[in-house]
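To start, the structure under review is shown below, and the notes come after it.
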Amino acid sequence: MSFDLVLFGGTGDLAWRKLLPALFQAWRHGSIPQDARIIGVARDSLSNDDYRALIASRLDVVESDKRPSAEEFTRFASLLYYLRMDLTATPDYERLAHMLRERDAQTVVLYLATAPNLFTTACQQLGAVGLNTPRTRVVLEKPLGHDLASNRDINAAVRRVFDEWQIFRIDHYLGKPSVQNLLALRFGNALFEPLWRRETIGSVEITIAEQLGVAKRGAFYESTGALRDMVQNHALQLLCAIAMEPPINAHADAIRDEKLKVLRSLVPWSPITLARDVVRGQYTAGTLGGEQVPGYRQEAGVAPDSRTETFVALRAEIANWRWAGVPFYIRTGKRMAAHEAHIAVNFRPAPHPIYRTPLGMSNRLVIHLQPRDGLALHLFSAGSDKRGARAADVQSLAPVQLDLDFDTRFGKERVGAYERLLLDVIAGRLNLFVRADEQEAAWRWIEPIMQSWQESDEGPRPYPAGSWGPSAASALVARDGNTWMEEC
Ligand code: BG6
């Protein structure tokens, strides 16, 4: 199937860090036909060759086994084109329309990897020059707005031009193989379903910890912060994958209907829970991996008295029959002690213990999202039955783990998140994309947090780079008698 993919923001960070490397991988795996066109669009005056050379010079960010050889890049680069455009100027859209009509590919993907304040104008203009044909799909990168109202405005503007089935809202976490595995674990295996409920599960922890700081994105991050950047989208999508009911089939709307129900069942915030169940932090200078790193306020583009949070921990509850009363803890931050994302499903202790088990520990299923992709089931066993253990009246059990490492089992060569999502857009599969009503429900839920922070005199709590965030985050789970996973 022939396609043209137009990459608005074609010289931006996302394009050369994620999108073009992913398209290259897809091409290398034979998933992109040699007659496809990838058209980078930006404001700079570049020829096709300049653009190809620019991309080639940036590909050293790609892991070495995924980097193209010179010969491979030359062949891949023959798919790359460049068009200079000012996204506010109508004649530039006419030039784009002309370029796309040169050959009328079966599918046209318009990927808006630009600042979100351009989405509305870009969609209006694309519609005005007739680029909203049934062959067109539009891809929107997050953040889609900065609050519920702006999110609605963008979605309304996009839907005036495109139908919902043409709109692909990206949350790249949904493309990660580990998230696919989580859905397969829940809905492809009957084993866990009877246990997947409040009677057996005591709490759920979702942690997305990064060691990176804000790097060169200080100015963007200042107006975003961890709540909008990570919680509103990635963390809540993970929560949905854990908490949703089994969908009636694997079609996009069946899955999205169930996720929406979870988002709508999140217990709304009250002044009490806002003060008690949400912690925000901001990293200060510290040591990470043996290196001294600056604090957030010293990063380029960041105000010296910034109140932007680089860390959030919160306790959510879902008001439905399956989950009522079960705390869902979400924690995400930059410059944390480890690069580590996982979901820990903590089971309740045995109802009538006849053995002694290590204090505070119970069965736990850990879904490792990154850097490794795997599953671990934490159990107790009689262990090696050493002399002495039997001497006591009550036998002590030792913690053991059943460990499944998907990287070893299936190889590192699996399709990466952006590669998977881009191929899905080209094929018109919407399963792994977010519907407008899901996004709105997520914004509606976090908005009171944003408001309470704005009204508060207190700023985020400082935490040193290389730590696990402010101590208040430990206190948040300790109140329920719980601990974060690395604290066990
Ligand atoms: C992006 C955020 O959506 O996700 C970044 O804007 C963050 O701030 C990134 O670093 C994390 O993605 P991943 O795949 O590296 O965990």
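The values are calculated or read from the model by the stated rules, or taken from the named source; none is laboratory data. This structure is a prediction, so every number in the text was calculated from the model and none was measured. Neighbour counts run over all protein chains shown; Cβ positions are idealised from the backbone, glycine included. Calculation scope for accessible area: heavy atoms of the full protein, side chains included, ligands and nucleic acids excluded. Shrake-Rupley method; radii C 1.70, N 1.55, O 1.52, S 1.80 Å.
Among 458-466, 183-191, 471-479, what's the highest-first ranking by average C-beta atoms within 10 angstrom per residue?
458-466, 471-479, 183-191
Averaged per residue, what accessible area in Å² does the stretch 424-469 show with a 1.4 Å probe, protein chains only?
On a per-residue basis, the stretch 424-469 sits at 43 Å².
What FRET efficiency would be calculated for the residue pair residue 377, residue 153, taking the C-beta separation as r and a Förster radius of 41 Å, to the nearest 0.05?
0.35
If you place +1 on the Cβ of every Lys and Arg and -1 on the Cβ of every Asp and Glu, how big does the dipole about the Cα centre of the chain come out, in debye to the nearest 20?
Computed charge dipole of the chain: roughly 680 debye.
Report the far tail of the P(r) of the stretch 63-196, meaning the percent of Cα-Cα pairs longer than 24 Å.
Tail fraction, whole percent: 49.
Which whole number in µm²/s is D for the stretch 133-190 by Stokes-Einstein, with the Kirkwood Rh taken over Cα pairs at 37 °C and 0.692 mPa s?
For these conditions, the coefficient is 243 µm²/s.
Determine the gain in length on full extension of the stretch residue 352-residue 35; use 0.36 nm per residue of separation and subtract their C-alpha separation, reporting nm with one decimal.
That pair, residue 352 and residue 35, stretches by 107.5 nm at full extension.
In the stretch 291-309, which residues have a backbone nitrogen under 16 Å from the label point lying 7 Å from residue 220's Cα in the Cα-to-Cβ direction?
Backbone N within reach: 300-302.
Just the number, please: carbon plus sulfur as a percent of the accessible area of the stretch 83-155, 1.4 Å probe, no ligands or DNA/RNA counted.
Using a 1.4 Å probe with all protein chains present, the stretch 83-155 comes out at 51 percent carbon and sulfur.
Can you say what percent of the DSSP beta bridges in the chain, counting only those with both residues inside, are antiparallel? Round to 5.
55 percent
Please give, to one decimal in nm, the separation of the simple spin-label points placed at residue 63 and residue 483, each 7 Å out from Cα toward the Cβ.
Reported label-point gap for residue 63 and residue 483 is 3.1 nm.
Would you work out which of 436, 262, 460 lies farthest towards the positive end of the dipole of the chain, given +1 charges on the beta-carbon of Lys and Arg and -1 on that of Asp and Glu, about the Cα centre?
262
What is the local net charge at residue 377, summed over the other residues whose Cβ is closer than 9 Å to its Cβ (Lys, Arg +1; Asp, Glu -1)?
Net of charged neighbours comes to 0.
Suppose we look only past 19 Å in the calculated P(r) of the stretch 136-276. What percent of the Cα-Cα pairs does that tail hold?
Summing the P(r) of the stretch 136-276 above 19 Å gives 63 percent of all pairs.
Report the label-to-label distance for residue 307 and residue 197 in nanometres (one decimal), using points 7 Å from each Cα along the Cα→Cβ vector.
With each label point 7 Å from Cα toward Cβ, the separation is 4.5 nm.
Please give the direction-averaged projected area of the C-alpha convex hull for the stretch 293-351, in square nanometres with one decimal.
That works out to 6.7 nm², a quarter of the Cα hull's surface.
Can you compute the radius of gyration and Dmax for the chain, using only the Cα atoms, both in Å?
When restricted to the Cα atoms of the chain, Rg and Dmax are 24.1, 87 Å.
Testing the spin-label approximation: label points 7 Å from Cα along Cα→Cβ at residue 321 and residue 402. State their distance in nm.
Modelled inter-label distance: 2.8 nm.
Tell me, in nm to one decimal, what length is gained between residue 84 and residue 98 on full extension, where the rule is 0.36 nm per residue of separation less the Cα-Cα distance?
That works out to 3.7 nm of additional length.
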